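Here is the structure we will look at.
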Amino acid sequence: MPVPTVIPGANAIRTTTRLDDLVFDKNVDIPLRDGGLCRANVYKPLVEGRYPVIMTMGPYGKDVLYSEFHVKSFRELPDEQKGPLSAWETPHPNYWVAQGYVVVRIDERGNGSSPGFLDTMSASTSSDFAECVEWAAEQEWSTGKVGLLGISYYGGTQWRVAARKPKGLACILPWEGMTDYYRDRVRQGGILGNNFVHFWWNNQVVTMQYGNGEKAVRRWGPKSEVGQPVGPECLEGVIPPEQLVKLRADQTIDNREHRYLDEPYHASRTYDLGDIEVPVLSVANLGGNTLHLRGNVVGYLEAGTANKWLWFISGRHDLPFYLPHYVELQKSFEQPRLLNAWLKGEDDRGWTQGPNAAGGVPAVNILVRKGNPGFNSTAAEATFSNRPERVWPVERTQYTKFHLHPDLSLRLDEPAQADTKLQLAALGKSDPLQFKVTFDKETELAGHPLVNLTVGVEKRDDGSAPKDLDLFVTLRHFDQDGKEIFYTGTAGDPVPLVKGWLRTSLRAVDSASPRHRPYMPYRQYRSTDVSYLSPLTPYSVQVEVWPTCVVVEKGASIVLEVATGDTQGAAIFLHNEPTDRDEATFGGSNTVYFGKEHENWLQLPVV
């Protein structure tokens, strides 16, 4: 069957439904300059007029019911934040329309009801999104001001489109949204993070490709509840599977094949955060230490706008966004009077005075995580308190080095002296090394930890040798009784304090880059940076660890775990693609070198 012929702007499948509390325009055509189109659902107040707009754009299907997409998650939402029009990770239309907004939810090109070539997170999707923002700003129901609000994918898209400076964009609120496709998501430390991308692509994206006639249930684990099978409505016809393959760029293939940032594939997914000029409220989840956390912090640090704020939260990635106190935060940033305030000065909370202004909103809101209240519980998360700060990292941070010793201790200001070695089997085939320090007084850690290791590879029995080494580091928090404290991960799973990764052949640091920081080494990850290892040779490398906030109580401990593969807390975010971590390149024995000539330390941000 041929691909359906679609005329942009014809609104051939548009419908309008008047409900008790809003007007719902479904499948509204948004013509694009290259002749293509995206389709949107537009939710408007019953009273005609001009309203500020909240917009999302993504690949999960604007018409897929939240209640079928993720049964358990939907059931746990507050009643006022869910209904028949709810969709995963997006603002609830009925609620926001009642607050005086128009809500626009768009299918990306090639997905759901939008025809075309499916290429998620690409330059073309960002360009399409920018055009959609400008389209919405010009509609008769719009004040001309558009704000972006959404979780995860719908947060990550906001950074990219804001950097394009579309006319009408007034502010963005990226909630747990990565900024860096390579470093945050697909090649952490240069190592392919294949498992999550495979799950995400096959469970959430390719199933919703425009013209896909097959329906499928969404699965969130082997024992999860599943809803009814869902898929695109295919109102303009079904496209045969062999043709669908030609109409998409498959991330599970592309990320396996493209290893370096100087390849065109990755170059098309990079942009300059410094180009962002609109106000930004970046919300970072401390439990999301395998996907979004780093991106929200770096987004705050590097966004070009003077009006930017960073807010730390905890909890599952799908739930806090809809909780009453966080909805109030969103409203205070996005409310109509504030959108007007950027032009008229009508602001009763102080956002428009700028970060840290007298009577305004502090630039940073720290989440003080103290104690061991449990995980995957709203009540547990509520035990943590908030504290305003002027900057991130916190001004009074003392970067403190704890030195690794071969007896597996961490010692303050006392480097190891004797020459010795500890061995690890490559590719995660042995237990990790765990280095421990117990604190003699209550200590707050808030910022970016950093690990320096001196490592190498050994010769194999047959005389050959591996030429590369993957490092996986984890910080774990243990209470006074030696019980590990777990935090709430992305899917409600127990996660440790924080993680970091490095492919040693990509260890080169560009210290001349303006993006380089002493606590966060900047790497270009280019093919020209690759420097393989020679056997029996020590190499000093720095492993970037993602940011964190925690209070370590007197008598409690921090453990630095050094491994050569994923360990507890990685959950679905595994790095286990055989073609990326093969035996010929990596297999064998890895060494950590100790002695006067070898630096091994954990640098902690002590506040």
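The values are calculated or read from the model by the stated rules, or taken from the named source; none is laboratory data. Keep in mind that what you see is a predicted model, and the values were worked out from it rather than measured. FYI the Cβ positions are ideal-geometry reconstructions off the backbone, even for glycines, and counts take in every protein chain you see.
Tabulated data for the structure shown
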| quantity | calculated |
| --- | --- |
| Residue within the range 204-216 that is among the charged types (D, E, K, R), more than 29 Å from Trp309 (Cα to Cα) and touching a residue at least 40 places away in the same chain (Cβ under 8 Å) present | no |
| Search result, residues across the range 164-190 that are crowded, with 23+ Cβ neighbours inside 10 Å, charged (D, E, K, R) and at negative phi | Asp184, Arg185, Arg187 |
| Qualifying residue in the range 207-216 (condition: closer than 22 Å to Ser152 by Cβ, surrounded by fewer than 17 Cβ atoms within 10 Å (Cβ to Cβ), out of contact with any Asp or Glu (no Cβ under 7 Å at 6 or more places or on another chain) and not small (Gly, Ala, Ser)) | no |
| Residues of the range 10-35 that turn out to be exposed (fewer than 15 other Cβ atoms within 10 Å of the Cβ) and among the β-branched types (Val, Ile, Thr), as a count | 3 |
| Test set (1) more than 15 Å from Val545 (Cβ to Cβ); (2) among the hydrophobic types (A, V, I, L, M, F, W, C); (3) surrounded by fewer than 20 Cβ atoms within 10 Å (Cβ to Cβ) - Val455 fails condition number | (3) |
| Matching option when the condition is outside any strand (DSSP E or B), surrounded by fewer than 24 Cβ atoms within 10 Å (Cβ to Cβ) and assigned by TED's automatic domain parsing to the domain that holds Gly213, among Gly156, Gly100 | Gly100 |
| Filtered residues of the range 572-607 (kept if assigned to a loop (DSSP other than H, G, I, E, B), buried (at least 18 other Cβ atoms within 10 Å of the Cβ) and among the small types (Gly, Ala, Ser)) | Gly588 |
| Unmet requirement for Val42, which otherwise passes all of (1) part of a loop (DSSP other than H, G, I, E, B); (2) of a type in the set (A, V, I, L, M, F, W, C); (3) surrounded by 14 or more Cβ atoms within 10 Å (Cβ to Cβ) | (1) |
| Single condition Tyr101 does not satisfy, out of (1) among the aromatic types (Phe, Trp, Tyr); (2) under 17 Å from Ser332 (Cα atoms); (3) at pLDDT 95 or above | (3) |
| Exclusive hit being under 29 Å from Val530 (Cβ atoms), exposed (fewer than 15 other Cβ atoms within 10 Å of the Cβ) and either touching a strand residue (DSSP E or B) at 6+ places or on another chain (Cβ under 7 Å) or polar (S, T, N, Q) (or both), set Ser505, Ser430, Ser511 | Ser511 |
| Any hit, the range 208-223, residues being of a type in the set (Val, Ile, Thr) and not in a loop (DSSP other than H, G, I, E, B) | no |
